[in-house]
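Down below is the structure, laid out as structure tokens.
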Amino acid sequence: MLEMVRQQMICIVVPGWDGTTDLSESGSVCTGLDALLKDVAVVQFASIALLPARADAKDPRPSLMLELAIEEGIAPYDIVYRLVYHPSGAMWSLYSSFWPGGGPPLQSARNDQLQGKLMEGLTIAEGGFIGARDRTARQIEKEQDLLQWTRDQARAMKAAKLYGDDRAAFALALAQRAFKNPRFDWALDPAPRSYWREKGASIGAKIGYVLALFVLWLAAVWLIGAVPRGLLGVYTWLFGAPYSGVQAVVDAVSKVSGWVLGVSIRSLFALLGLGVLAVFFLLALPAVSKSWRRWLKSVGRELDRPTETWSSWSTYWVGWIVGVPTVLAVVACALVFIFCPGTIVDAYHALTAKFLGWQIIAFIILAIVALICVFGVLSRIDQQLAAAGNWFFHPYEDDVPRAQQVDTSIDHCEGLVVRETAHMFSLTDIRSPNGWSAFWIRASLRIVTLFGRVFFTEGRLGDAPGIHFGHWHIIEKGRRYLFCSNYDGSFGGYLDDFINGATIGTTLAWRWTTLKRRGSAAIGQPAVEEPRSFPPTRFIVFRGVKCELKFKSYARDSMLPHVFRFDARKETVDGINLATSLRDALFGERNDSNDDQIMRAIES
Amino acid sequence: MKAQAPHLAEQFGDIQGMLRSGYGWLKSSRFWLLTIRDGQEKAARAWLAKLVESGVIASANDVGKSRAHPIERAAAIAFSFSGLTKLGCMETKEHPFPSPFRSGMGSDVRALLLRDNPRKWRWSDVDGVACGPVHVLIAEWTPKDARPLVSDVDEAVFCVIRVENDPCSFQKIGDGKDERLHEAFGFRDGLAQPVIRGLRQDDGVGLSQAKDDAGTLYDDRVVSAGEFILGYRNEYDELTYCPNVEGWTQSGRARHPGGRFALNGSYLAVRQIEQDVKAFDAFRAANGQGICEKLMGRQANGLPLGWKDDPSKPISDSKADAFRYRVEDANGFTCPKGAHIRRVNPRDTLGVDVQSSIKSTKLHRLLRRGRPYREDSNGETRKGIFFIACNADLERQFEFIQQRWVRNPSFVNVHADDPIVGSSDPKTFPKVLSVPGLPSGEEVSLASFTTTLGGGYFFLPGIAALNFIVGNDSSSKSAASEVAEAAAS
């Protein structure tokens, strides 16, 4: 399921770029590429950038990076094949400088070698998110055409003073005209969307999917134990008892199967238990207790606080002293329950042997009372400190050198696309030890991808709107980390959306990276003259991107300009969604909601 | 151990007064755009030092001293990046000025980013038709008919552009006694200002009265000091970045331990915007006042379009500003989504819910300190606004608003440019406004009502930093002079 998303966003990094090919916007290479990408018709977005070599790299030449965002269901090999073997030869024009002698004389042999080289440098995204571009470029184009047609029709109808103030009659007339127009026959079917944004969009479908997977897992584990047992039974019935070794193997398999079944079922219960605890403390209790809600909010605020204050410092250390041991104890209990349930039963028997039932109940009540008292004292201290004056919350100076700096080439790139979909490349280094960091990055990105695919189906990642594509790649054998994204709006606004709308995911995606010194890939391109670190995090997910100045400076310094850019459609995410909703409203059943949708579309 | 960040309340004496007040009681204003002629840097510094010494530069302390007897004159001085360089202030390598300020509003890349094409500017902080780049901006506020505060600018030292007050800009509303600021199209101006947390503005209205009038919506307008004044907590709860210049630390003028040069300063985004009053009047005659108010997003007297009480009954500005869009007017049936004031301050329109929208909008607020101006030349009178917006992060505030909200045809899917701001651009959408709620959405074609004549980014320094720039004491003078000489050589 995640592979399908990851395959839609690929990067091809070919090292050793010698800079002899003309990549100017009006040059033959770029115009040829543009025509090629239009012709293959399945590339939503493409761009080219030069990745500067690492400071410790043997080859100081930059790498040529081609980014492709393609439509769902096309394998990376297929898209590379379509591009390379296209009769225009545009890909060869781009990469020919990697064959200083001119390459093989036969075009087919050249293409074979090019295909091989590109597949060598190809990486699918480690994780990614697709906003409103889960539709095909053709669908977007046709729906925009319908939107424009509807607006024109509305203008004409208004000029003819038809339908007065009756919005419903006006919407109905527009729908009838669209329905009768053979140009829009394609719109009679509901707008096609990816599975999780269509049939799988309901919460029932998601829960059902997980439950079905779990039941299938249990069935498979049970079958692994049951099938050998059954076969052995049949064999024994037919031919008598088998060798003792066979019996022992079947017994062992059966035992392991039973153990895994038990562990799986107990894991489910443990997860449910942890879920109940989380819901109780994070959702239910805040709903009924104002002081708990306030306390929880203040803890989150202090852990996230970007400036150093006594309040955030003390919250952090209380978290280490109280929070971490408590969480570890709960997790240890869950693990004991899963893997050694007998220990709990034994402990229970030992307890009941020593104490009477009323004593145990009294002890539990006392523990709850003590907990409430501790919480009350902490809450009171919190309130007293808040009232004691602002020294507790007053920030200390925090030096962020060279903040709010943007390389001229980046500014220029952003200026050129100010009326189109914005675009960014960020190239950072993976923190040492690389393998450890890369493992956690991959795990985090899979979670981000899963959530983006299955849960954030309205085109927003968390609360961050306007993302067309966003994808992360680990390149150069786990040494560096590449992020490419297309979005609506300005870069600063985009990062603001991440900071406020997808805090945890963004922190997880970048916290294992750093920015090392590097030269520029070419004249006029940015270099990293001073290293930077990702903003410090607390308990992995807190703070991080909440340090706006540090995070934006880090992101800005890591950015690279594009030297070529292709966008199949230039509509914004909101514009794409609007056209799709108009299609569904015009050709759907006539009701107030659809009428309103039609009127909104033409009034905008 | 690190030093504690400065306490705003202890720094009022170092903050220029225009950050605390728009000087609503001083009804005359003038703006001086000065370009220092080559080789005249020393004389320019001496003239500026004399001006500062004369005591006309008001601090936030001066402004807040007495509400009953407010100050009777005030001036402020700000510098463009080229101006700072010209006067010998060289940024340090570790704490340089932000890229937008350094490149200047007049630069080509800013023209792209601000969606300003086509530009035909008379002046800017990067270049200018008559004088070259503007180095210094002086703003002065005086009572009506008072003599100018600045009168002796030596034209041998400076090339001067003077922007004169529009004497008709303060007008009475209805039968009210007080005169209020109006822009040239006849609408109330200067409303819906953010309130800086910890720096109560003194514009003649008591805080408790303002809070009572706004009710629960008062907090919508309270914004952290760091959004406008450098060195303090902003809406991200982070200390705003403070650039530094060579020689500042050694000058001994820093009022705060470790305080950098830009502490207590702000950035000004300045634009001279000419308003085509004839075109607007013709539009009003053709379409009626109601449609004009839909364009602006407010009634001419400053009341919200959705105001339900008696419009003739005078109310406070605080009350007139206490409204949101999302609950009562999500679709723009009352105030169109593309109306000017809804674009520049969408309040709770954007985002997933009211609270997140308000929070997000607070990241993009401007403190407006501009005034209407009038220009008489060749027997013709031209009017407009000398727009000044104070902000601490040009990219996140002024540029974002201009690029993503005001001049963005895709803003909330309206498919149109701002109805008031800027000339129509052949590359973007025509000037139209959709008025939702009618059968097909009334669509009004518009002329270009405003033209930008010039603009620039300026740094409004704290008082101590200002004295350092103009070399107003021996230590800073020598440090600044040395740097200037080094730069010149």
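So which chymotrypsin sites (Phe, Trp or Tyr not before Pro) in the range A:208-293 end up in coil per DSSP with only 16 or fewer other C-beta atoms within 10 Å?
Passing sites in the range A:208-293 are A:Tyr243.
Any idea what diffusion coefficient the range A:203-392 gets from Stokes-Einstein, in µm²/s, Kirkwood Rh on alpha carbon pairs, 10 °C, 1.306 mPa s?
Calculated translational D: 73 µm²/s.
Taking each pair of distinct Cα atoms in chain A once, what is the resulting Kirkwood hydrodynamic radius in Å?
28.9 Å
Just want to confirm a number: the relative contact order over chain B, from Cα pairs under 8 angstrom separated by 6+ residues, in percent.
23 percent
Could you name the lysines in cross-link range of A:Lys142, using Cα to Cα under 19 Å and dropping any fewer than eight places away on the same chain?
Straight-line reach from A:Lys142, under 19 Å: A:Lys38, A:Lys180, A:Lys570.
With axes computed from alpha carbons, what is the tilt in degrees of helix A:137-159 against the longest principal axis of chain A, rounded to the nearest 10 within 0 to 90?
70 degrees
Determine the relative contact order of chain A: mean sequence separation of Cα pairs under 8 Å and six or more apart, normalised by residue count, in whole percent.
For chain A, the relative contact order is 24 percent.
From the P(r) of the range A:502-604, could you give the percentage of C-alpha pairs in the tail past 18 Å?
Value for the range A:502-604: 67 percent of Cα pairs lie more than 18 Å apart.
Suppose a student asked you for the relative contact order of the range A:203-392, using Cα pairs under 8 Å spaced at least 6 residues apart; what percent would you report?
Result for the range A:203-392 is 17 percent.
For a quick size check, give me the Cα extents of the protein assembly as shown along its three principal axes, largest first, whole Å.
Largest to smallest, the principal-axis extents are 120, 78, 70 Å.
Counting only Cα atoms, I'd like the Rg/Rh figure for the range A:129-228, Kirkwood definition for Rh.
Ratio value, two decimals: 1.30.
Per residue of chain A, what 222 nm ellipticity follows from adding -39500 (n - 2.57) for every DSSP H run with n ≥ 4, rounded to the nearest 500?
Only helices count here, giving -18000 deg cm²/dmol.
Which lysines, on any chain, are close to A:Lys550 with Cα under 23 Å apart, when same-chain ones fewer than 8 places away are left out?
Output for A:Lys550: A:Lys516, B:Lys2, B:Lys93, B:Lys359, B:Lys362.
Sort A:Ile12, A:Ile368 so that the residue with the fewest other Cβ atoms within 10 Å of its own Cβ comes first and the one with the most comes last.
In order of increasing Cβ crowding within 10 Å: A:Ile368, A:Ile12.
Relative to the longest principal Cα axis of chain B, at what angle does helix B:277-287 sit, 0 to 90 degrees, rounded to 10?
20 degrees
Restricted to Cα positions, what overall size does the range B:243-305 have along the principal axes? Three whole-Å values, descending.
64, 24, 14
Provide Rg and Dmax in Å for chain B, with only Cα atoms included in the calculation.
My reading of the Cα-based Rg and Dmax gives 22.0, 72 Å.
What per residue convex hull volume, in Å³, comes out for the range B:289-386 when only alpha-carbon positions are used?
142 Å³
Which ³J(HN,Hα) values in Hz, rounded to whole numbers, follow from the phi angles of the range B:106-116 under the Karplus curve 6.51 cos²θ - 1.76 cosθ + 1.60, where θ = phi - 60° and Gly and Pro get x?
3J(HN,Hα) across the range B:106-116, in whole Hz: x, 6, 4, 5, 5, 4, 5, 5, 8, 6, 8.
For B:Ala58, enumerate residues with amide H under 5 Å from its amide H, sequence gap 5+ or separate chain, H modeled in the peptide plane.
When sequence neighbours closer than 5 places are left aside, the close amide H contacts are B:Gly17, B:Ala75.
Taking amide H atoms as placed 1.01 Å from N in the peptide plane, list the residues 5 or more away in sequence, or in a different chain, whose amide H sits under 5 Å from that of A:Phe564.
A:Ile48
Coordinate-derived values only; no laboratory data. Bear in mind that the values here come from a model prediction, so they are computed numbers and not experimental data. Please note: Cβ atoms are built from the backbone with ideal geometry, for glycine as well, and neighbour counts cover all protein chains shown.
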